[in-house]
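Just below is one structure, and these are the notes that go with it.
Quick note: the coordinates plus some simple rules give every number you see, no bench work behind them. The structure presented is a predicted model; accordingly, all values stated were derived computationally and were not measured. Cβ placement follows ideal geometry from the backbone for every residue including glycine, while neighbour counts extend to all protein chains displayed.
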Amino acid sequence: MRILVTGATGFIGRHLVRTLLSANHEVAIMVRDASTASSLSFPDGVRCMEHDLESPCPPDFWKRCGEPDVVYHLAWERLHQYESLHHIEENLPRHYRFLKSLALGGCLRVVVTGTCFEYGQRSGALSEDSSADPAVPYAVAKHCLHLMAGQLNRQTAMQLIWTRLFYLMGEGQPPGTLFSQLTQALEEGRPYFELSAGEQLRDYLPVEEVAALLCRIGERVRRSDTLNVGSGQPVSIRTLVEQLVEKSGKTIQLRWGALPYKPYEAMAFWADTRKLRKALEGSGS
């Protein structure tokens, strides 16, 4: 298949590009700065297109991209500044305008990454049938984009596959996340690391597995849908942190309870992945 990936230089994007190439797909990427993409040493066969979402796409943008069979839209600014109004005031209109340009240009299928934060402060196994109740601007903007893109889906031929990602970990993780901060502390030989009490139950997947699932979704799901992307298995933050420290072979004092829990997150939630498994086992039609 011919595939376009936005956000290809990000945490998930760089892994997804390599996964798609390994599956013998023809891949193009959209980036703000081609020099950033070149620093990641993508294979020569990857076509690179420069475009900043601050600017409107030309009417024939999808055609200029080679009329890809699937567009993976991963791009999003200030991803981990969850409480910034930038998500609502800037990101939301830019990304809706981009999706609209794809739909009007002839794009037939787009896979967009949403977030488990769209569910809000709900506990337990979260299914796609659970109503959304986002509590922070980042999640509000993602959920609004989902609703707005759904209207495009109803009025154009473009299929919308909305993937609600749960938690990820792995190589290239953004610096503000828990595990990137812990990894840095271990590498620097710091004597201690401060955390919350660590009793939260979360749903984590290695980023490579998320990339593989997204690849399969693009290959197999041929209708508009909303899908959770997670492991379906809850695990405590304390367990994950202790495993990472043990694997590193280094010693650090873990100061549990030194930080408060985040007020916008429930204590225990994870993905109900039955719908995802069913979609990938069948044809998705």
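Specify the longest stretch of the chain that does not include any exposed loop site, a site being one of the GluC sites (Glu not before Pro) with a non-H, G, I, E, B DSSP assignment and at most 14 other Cβ atoms within 10 Å. That gives 84-170 as the longest site-free run.
Tell me, what ³J(HN,Hα) does each residue in the range 246-255 have, in order and in whole Hz, if you take phi through Karplus 6.51 cos²θ - 1.76 cosθ + 1.60 with θ = phi - 60° and put x for Gly and Pro? Each residue's phi maps through the Karplus curve to give 4, 5, 5, x, 10, 10, 8, 7, 8, 8 Hz. Rounded to the nearest 20, the Cβ-based charge dipole of the chain about its Cα centre (Lys and Arg +1, Asp and Glu -1) stands at 600 debye. If you model the chain as an ellipsoid using its alpha carbon gyration tensor, with each semi-axis the square root of five times an eigenvalue, the axes come out at 32, 22, 18 Å, biggest first.
Listed by chain and number, the lysines placed with their C-alpha closer than 26 angstrom to that of Lys100 are Lys63, Lys142; residues fewer than eight positions away on the same chain are left out. For the residues Tyr192, Tyr261, Tyr119, a GNM of the chain with alpha-carbon springs under 10 Å puts the largest fluctuation on Tyr192.
Counting 0.36 nm for each residue step from Glu281 to Ser39 and taking away their Cα separation leaves a gain of 83.5 nm. Computed from Cα positions, the angle between helix 11-22 and the longest principal axis of the chain comes to roughly 60 degrees.
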